[in-house]
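Engineer: Take this structure first; my questions come after.
The values are calculated or read from the model by the stated rules, or taken from the named source; none is laboratory data. Owing to the predicted nature of the structure, the values given are computational and were not obtained by experimental measurement. Please note: Cβ atoms are built from the backbone with ideal geometry, for glycine as well, and neighbour counts cover all protein chains shown.
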Amino acid sequence: MTESVELPSRLAILPFRNKVLLPGAIIRIRCTSTSSVKLVEQELWQREEKGLIGILSVRDAAEVKSIGPTISQGVGTDSQEQSSKIQIGSSDAHRSDAKNQSEVVHWHTRGVAARALHLSRGVEKPSGRVTYIVVLEGLCRFSVQELSIRGPYHTARISSLEMTKAEMELDPDFIALSLQFKATAVELISVLEQKQKTSGRTKILLETVPVHKLADVFVASFEMSFEEQLSMLDSVDIKVRLSKATELVDRHLQSIRVAEKITQKVEGQLSKSQKEFLLRQQMRAIKEELGDNDDDEDDLAALERKMQSAGMPQNIWNHAHRELRRLKKMQPQQPGYNSSCVYLELLADLPWQKTSDEHELDLRAARERMDSDHYGLVKVKQRIVEYLAVRKLKPDARGPVLCFVGPPGVGKTSLASSIAAALGRKFVRISLGGVKDEADIRGHRRTYIGSMPGRLIEGLKRVAVCNPVMLLDEIDKTGSDVRGDPASALLEVLDPEQNQTFNDHYLNVPFDLSKVVFVATANRVQPIPPPLRDRMEVIELPGYTPEEKLKIAMRHLIPRVLDQHGLNAKFLQIPEAMVKLVIQRYTREAGVRNLERNLAALARAAAVIFAEQEQSVSLNKGMQRIATPLLENRLADGVDVEMEVIPMGVNTHDISNEFRIASALVVDEAMLEKVLGPPRFDDKETAERVANAGVSVGLVWTAFGGEVQFVEATAMAGKGELHLTGQLGDVIKESAQIALTWVRARETDLKLAAAEQNNLLQGRDIHIHFPAGAVPKDGPSAGVTLVTALVSLFSQKRVRADTAMTGEMTLRGLVLPVGGIKDKILAAHRYGIKRVILPERNLKDLVEVPSQVLASLEILLAKRMEDVLEQAFDGGCPWKQHSKL
Ligand code: ADP
């Protein structure tokens, strides 16, 4: 770079459209327009010693308008007015002449003298037009004194604008500014060098080039707006130029730093995850070395092994393997990883082919087993043996599903488990009570959060074989609502045609249920949806008589209960008489569940007594202190250690015998009261409740078996209205209405009203109540009981306390048959009732009633309502008495 340049007074001018050449900058241009080609040719190409040309920026009119400075019109310059511009029709070095001529351009009044560093000439084909490529170096500023056109291009009279070196060095401000500039420039260079990993070369510039030129050189190398470049060009005063350059260099430096910060941040994030990856890899390697297998990958490998040994059918295996491949590509933190794992675990856990070995079915052994597990139930056991016999002859027979129906605690569940034991299969119980959602049977689709398989698949996973005996417990308690119909899903489960490909929504692949032996239980038959009932063979288990309960308790419940509590007959004895009392006074149920519970309570109480005794014995016996150095230390610390020393030659059995008490605890009435509380039921209840006129004893049927139902009627002053309470359904309300009508229609026949008073309801209301008021009741079988209560009320004669009744009544007084006779009679027997009035047409149902129950009851059959009344009152129907009077 030249230190100083001698400028001629006139220079050929090459216009730069919207561009600035600063001193110290090097630029490569291509000249194509006629004027610029001529200029290059005449001023540079043809000259031997390459001369200088002037570069003058021109601006489009539109550009000027947008920034809006004053524009001087016409050719010529005003040397005094530095900021003025010359407007002239001109040409551009880069544009076609025709276009340029029509345009108005504004010349800048200051330019830069430039020297050509390199020239090359070219001829365009096919037009033959000559073009030049020129490399120019900006040298120094000048100001235009006068601009004129000489031939094809402009020339200008100019004057140099560069200050002399001596002038500058004297100024202290200049020195300060140049130092500041240099400092900023050094900073920029070091940042750039660091970034581009270059060194040294740019720094040499700082030392060799004068600072005022350096300012231009630095600024020229930045990308700046045209306006900024112009203002730099206009900074003739070196101090102004330096401060402007410092500002620009600093700005550039800042922008580089910001950009660097951003990239660093991005890089930092990248490297964090890369670092994590690396660390994980290392951890894996370390664990492998240590033989630690609890790694994710090992988990997956274990899962895959488990899946391989699960014996899945080919299509299921393909599906599972696809899912596993997807899982392997996932990161453990990724959403869905866990649910996918759980799903595959389930697939691997399911018993696709695993069966429990079904041993050769021995019918006699099965029968013996059932006999040893259950007392009585002869018919039921016989039916089960038949079922097993068919299975033995034809193992894949698609027989009906057995459904045990009966009140709670009659042994439905335990019979089903006996079937499993007889078949040598595993047993699994699926509770369906309260299931209203189809998804409980079929599972939720995996798209739901917290989705899981249905109860059947869950049960199969639990039991881990595909041929268990599966008990569908309380199948009558399923209901349907908006969430679907579980019964229809169960239909598919129980249908041998469909259950080979049972589709659980969660599993999403078919599972073969055809090897499962299904057994169902229900309390009642009616609520079971008919299509489902159709698939099942209903086996009814009625409630037990007190005698049966006693036998069950003595033979089965007591030994089991004692065993469960770690006792035996040598510890606790519950005599038959006491068991009878428990049955009579503490339980009034069809089954034996509460009986078992009460016996368990007795056993618990006994266990406490023995446990306390045993403790007091063991603490006093065979104890002595032993001392070892270790113990001595501990004892020195104040810890009291005692050890039991067992004498040699005495085996443990003998020792435990030492703690036995001499005689067994025998349960007596006092203990019963102490443990079970005061008696809950007695035989006097009925007598007490029918002590007043207007009360009768009915027999009804509930989910808990037969029950005794009292009906209370009373009269009070009113307007002849009938009030009914006790959570009654429509049918039972209508029965009450019919009963009242029948009684009113026969008030004179029955001599219920005096001759002068021919309306029973005159001036009074009737209220009928069915205790217990909290239990909903419905059905027609209370008809006869209602009439009896009303007749008792109007005649003011008490109903016999030992008599209970059931039967529907027509408006004309005919007694119609009702259901559940067996359960009702058993209930009456439980309540200590001696006489039962039944509709005559229910006679055939008595064969089902155990004979010992029948023997203890007087069964009275009624055809008409009058027959019922005749039997219900002491000394016959009330009107007969009246007639006698
Ligand atoms: P359910 O399923 O009908 O409600 P469970 O099968 O649970 O009743 O029976 C309740 C308890 O009574 C069980 O311990 C069962 O062994 C016992 N049990 C019921 N009936 C008999 C019976 N006939 N012989 C022996 N134990 C019985």
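Engineer: Might you check whether a residue that is at pLDDT 85 or above, within 16 Å of the ligand (Cβ to nearest atom), within 49 Å of the chain's Cα centre (by Cα) and basic (Lys, Arg) occurs anywhere in the stretch 602-616?
Structural biologist: Checked the stretch 602-616: no residue is at pLDDT 85 or above, within 16 Å of the ligand (Cβ to nearest atom), within 49 Å of the chain's Cα centre (by Cα) and basic (Lys, Arg).
Engineer: Might you let me know whether the stretch 425-432 holds any residue that is crowded, with 22+ Cβ neighbours inside 10 Å, assigned to a helix (DSSP H, G or I), away from the ligand (no atom under 16 Å from the Cβ) and not hydrophobic (A, V, I, L, M, F, W, C)?
Structural biologist: Scanning the stretch 425-432 turns up no residue that is crowded, with 22+ Cβ neighbours inside 10 Å, assigned to a helix (DSSP H, G or I), away from the ligand (no atom under 16 Å from the Cβ) and not hydrophobic (A, V, I, L, M, F, W, C).
Engineer: Do we have Asn598 as touching a residue at least 40 places away in the same chain (Cβ under 8 Å), part of a helix (DSSP H, G or I), surrounded by fewer than 18 Cβ atoms within 10 Å (Cβ to Cβ) and within 16 Å of the ligand (Cβ to nearest atom) here?
Structural biologist: On the way: touching a residue at least 40 places away in the same chain (Cβ under 8 Å): yes; part of a helix (DSSP H, G or I): yes; surrounded by fewer than 18 Cβ atoms within 10 Å (Cβ to Cβ): no; within 16 Å of the ligand (Cβ to nearest atom): yes.
In short, no.
Engineer: Here's another thing I want to ask about it. Only residues that are touching a helix residue (DSSP H, G or I) at 6+ places or on another chain (Cβ under 8 Å), of a type outside the set (Gly, Ala, Ser) and assigned to a helix (DSSP H, G or I): list them for the stretch 786-810, please.
Structural biologist: Leu786, Val787, Thr788, Leu790, Val791, Phe794
Engineer: Which residues, counting only those in the stretch 577-597, are modelled with pLDDT of 90 or more and of a type in the set (Asp, Glu)?
Structural biologist: Answer for the stretch 577-597, where residues must be modelled with pLDDT of 90 or more and of a type in the set (Asp, Glu): just Glu596.
Engineer: Same structure, new question: Take the conditions over 16 Å from Ser36 (Cβ atoms), touching a strand residue (DSSP E or B) at 6+ places or on another chain (Cβ under 8 Å), modelled with pLDDT under 80 and not hydrophobic (A, V, I, L, M, F, W, C) and apply them to Glu162. Does it pass?
Structural biologist: Working: over 16 Å from Ser36 (Cβ atoms): yes; touching a strand residue (DSSP E or B) at 6+ places or on another chain (Cβ under 8 Å): yes; modelled with pLDDT under 80: yes; not hydrophobic (A, V, I, L, M, F, W, C): yes.
It is true that Glu162 is over 16 Å from Ser36 (Cβ atoms), touching a strand residue (DSSP E or B) at 6+ places or on another chain (Cβ under 8 Å), modelled with pLDDT under 80 and not hydrophobic (A, V, I, L, M, F, W, C).
Engineer: If we keep just the residues of the stretch 442-479 that are of a type in the set (Val, Ile, Thr) and within 16 Å of the ligand (Cβ to nearest atom), which is nearest to Asp512 (Cα to Cα)?
Structural biologist: Taking the stretch 442-479 and keeping what is of a type in the set (Val, Ile, Thr), we get 447, 449, 457, 463, 465, 469, 475, 478.
Then keep just the ones that are within 16 Å of the ligand (Cβ to nearest atom); that gives 469, 475.
Details: Val469: 14, Ile475: 21 Å.
Here the residue is Val469.
Engineer: Still on this model: Restricted to the stretch 811-824, and to residues that are touching a helix residue (DSSP H, G or I) at 6+ places or on another chain (Cβ under 6 Å) and closer than 30 Å to Glu547 by Cα, which residue is surrounded by the fewest Cβ atoms within 10 Å (Cβ to Cβ)?
Structural biologist: So, considering only residues that are touching a helix residue (DSSP H, G or I) at 6+ places or on another chain (Cβ under 6 Å) and closer than 30 Å to Glu547 by Cα, the one surrounded by the fewest Cβ atoms within 10 Å (Cβ to Cβ) is Pro817.
Engineer: Tally time: how many residues in the stretch 566-584 are touching a helix residue (DSSP H, G or I) at 6+ places or on another chain (Cβ under 8 Å) and either within 16 Å of the ligand (Cβ to nearest atom) or not hydrophobic (A, V, I, L, M, F, W, C) (or both)?
Structural biologist: Within the stretch 566-584, the subset touching a helix residue (DSSP H, G or I) at 6+ places or on another chain (Cβ under 8 Å) is 566-569, 571-572, 574, 576, 578-584.
Okay, now just the ones that are also either within 16 Å of the ligand (Cβ to nearest atom) or not hydrophobic (A, V, I, L, M, F, W, C) (or both), so 566, 568, 574, 576, 579-580, 582-584.
Residues that pass the stated criteria total 9.
Engineer: Gly763 passes all but one of (1) under 23 Å from Ala691 (Cα atoms); (2) loosely packed, with under 13 Cβ neighbours inside 10 Å; which number fails?
Structural biologist: Among (1) under 23 Å from Ala691 (Cα atoms); (2) loosely packed, with under 13 Cβ neighbours inside 10 Å, Gly763 violates only (1).
Engineer: A further question on this structure: Which residue pairs have Cβ atoms closer than 8 Å, lie 6 or more positions apart in sequence or on different chains, and pair a first residue in the stretch 707-732 that is touching a residue at least 60 places away in the same chain (Cβ under 8 Å) and assigned to a strand (DSSP E or B) with a second residue that is of a type in the set (Phe, Trp, Tyr) and surrounded by 15 or more Cβ atoms within 10 Å (Cβ to Cβ)?
Structural biologist: Within 8 Å, the pairs are Glu707/Trp701; Val708/Tyr831; Gln709/Phe770; Phe710/Phe770; Val711/Phe770; Glu712/Phe770; Ala715/Phe794.
Conditions tested, residue by residue: (1) more than 22 Å from Lys822 (Cβ to Cβ); (2) of a type outside the set (A, V, I, L, M, F, W, C); (3) more than 16 Å from the ligand (Cβ to nearest atom); (4) surrounded by fewer than 19 Cβ atoms within 10 Å (Cβ to Cβ).
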| site | (1), (2), (3), (4) |
| --- | --- |
| Ala389 | yes, no, yes, yes |
| Arg398 | yes, yes, yes, yes |
| Phe404 | no, no, no, no |
| Pro407 | no, yes, no, no |
